1. Report the gain in length on full extension from Leu176 to Glu273: 0.36 nm times residue separation, minus Cα-Cα distance, nm rounded to one decimal.
2. Non-local amide H neighbours of Leu185 (under 5 Å, H modeled in plane, Pro and chain starts lacking H): which ones?
3. Figure the gain on full extension for Leu336 and Asp39 (residue separation times 0.36 nm, minus the Cα-Cα span) and round it to one decimal in nm.
4. How long are the semi-axes of the equivalent ellipsoid of region 243-333, taking √(5λ) for every eigenvalue λ of the Cα gyration tensor, in whole Å from largest down?
5. Compute a Gaussian network model of the chain, connecting alpha carbons closer than 10 Å, and tell me which residue from Gln247, Gln18, Gln263 fluctuates the most.
6. Quick one: if the Förster radius is 22 Å, what FRET efficiency do Gln259 and Ala189 give, using the C-beta to C-beta distance and rounding to 0.05?
7. Give the lysines whose C-alpha is closer than 25 Å to that of Lys44, dropping any in the same chain fewer than 8 places away, or say none.
8. How far is it, in nm, from the label point at His105 to the one at Met1 when both lie 7 Å from their Cα along the line to the Cβ?
Amino acid sequence: MSLADHLAARIQAEGPIQVADYMAECLLHPKFGYYTTRDPLGAKGDFTTAPEISQMFGELAGLALAQAWIDQGSPAPFTLAELGPGRGTLMADLLRATRGVPGFHAAMQLRLVEASPALRGVQARTLEGYAPDWLDSVDALPDQPLFLVANEFFDALPIRQFIRTGGQWSEKRVGLTEGALRFGLAAPAPQPALEHRLADTSEGDLVEVCEAAAPVTQAIAARIAARGGAALIVDYGDWRALGDTLQALRAHEPADPLQNPGQADLTAHVDFEALALAAKTAGCAFTRLTPQGVFLERLGITDRARALAAALSGESLENLIAAHRRLTHPEEMGNLFKVLGLYPSEAAPPPGLNP
Ligand code: SAH
């Protein structure tokens, strides 16, 4: 039995499935899922992320959250949370950088929202000595001030895809043709959740909807609005999604999303407008969507790089210079990745972000 067999059996029983169901099975099937069964990150894996590229990313994100905590009167106790912590690298860098912030570590309760047993194991090793608690969902976050970071978490949440057909929408589905997985289209139907997209799309355009993103954002935003805190949400995407952004990556190369299910990373661009609207519904303020490069420059990444460079030479110095460029340059991750901050409407926005 493989995930491909399981999917074929499911489609034979139920008919073609939503792209979201396909994505969820591929990423998180308990036995065959991509994240469930492996550590996919790093040079030997399938993709890399900002915290894996340089310690500067987690350090600066941590200092921004610690400053927001100080600005709000250093509430204690508070939850320090991360969604989808991967190898735990970002959190380890954040914790090291904030060691010198008086009272921060004493007041924090560390909570990691992670679905993958394999990655929970890696995180436990990386964060040895910090005794984090793992949660299955943001709903289990305690009712207290919440300072949270999520890097490349929302892009892993399943999306549905719709193609505009007349004034209606045909949903893209995954079915079987002669035993092989194939995309197909359901009959056009009205989609109340896509009413607003009739204004900015034309016939044949594809739009994506991530149904899981709003409830996750609302759960975080409700705690921040009621008890204080801040969230830094970093991902690729933009304000409102248009076009097919479903992407498979295997060994750092683009792959066919229907080939080798469960063996490749599957992601989609994040529709930050949907996150911002969910935060607003929960009574929480959100910042301007800010390019990652701009955010990191405002937080002083170049000074930090200079300080680190002073102790380096040769290849390690070259690596640091390349990492700084990769994180900030508009042609690398600097512009593709965006940062959205959430904060209580009566507080200042987190450092590096504007209202
Ligand atoms: N933030 C890390 C890893 C990004 S990969 C970094 O920047 O390096 C995506 C992470 O989200 C993985 O840890 C994955 O297991 C986790 N994840 C994906 N879907 C999830 C879900 N629905 N619930 C909880 N964790 C999830």
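1. 31.5 nm
2. Placed amide hydrogens put Arg173 under 5 Å from Leu185.
3. Details: separation 297, 0.36 × 297 = 106.92 nm, distance 2.41 nm.
Result: 104.5 nm gained on full extension.
4. Numbers: eigenvalues 191, 128, 18 Å².
They are 31, 25, 9 Å, listed largest first.
5. Among Gln247, Gln18, Gln263, the largest GNM mean-square fluctuation belongs to Gln247.
6. Efficiency at R0 = 22 Å is approximately 0.15.
7. Leaving aside lysines fewer than 8 places away in the same chain, those within reach of Lys44 are Lys31.
8. Between His105 and Met1, the simple spin-label model gives 4.6 nm.
The values are calculated or read from the model by the stated rules, or taken from the named source; none is laboratory data. This structure is a prediction, so every number in the text was calculated from the model and none was measured. Positions of Cβ are generated from backbone atoms using ideal geometry, with glycine treated the same way; all protein chains shown enter the neighbour counts. Keep in mind that these areas ignore ligands, DNA and RNA; they rest on the heavy atoms of the full protein, side chains included. Shrake-Rupley method; radii C 1.70, N 1.55, O 1.52, S 1.80 Å.
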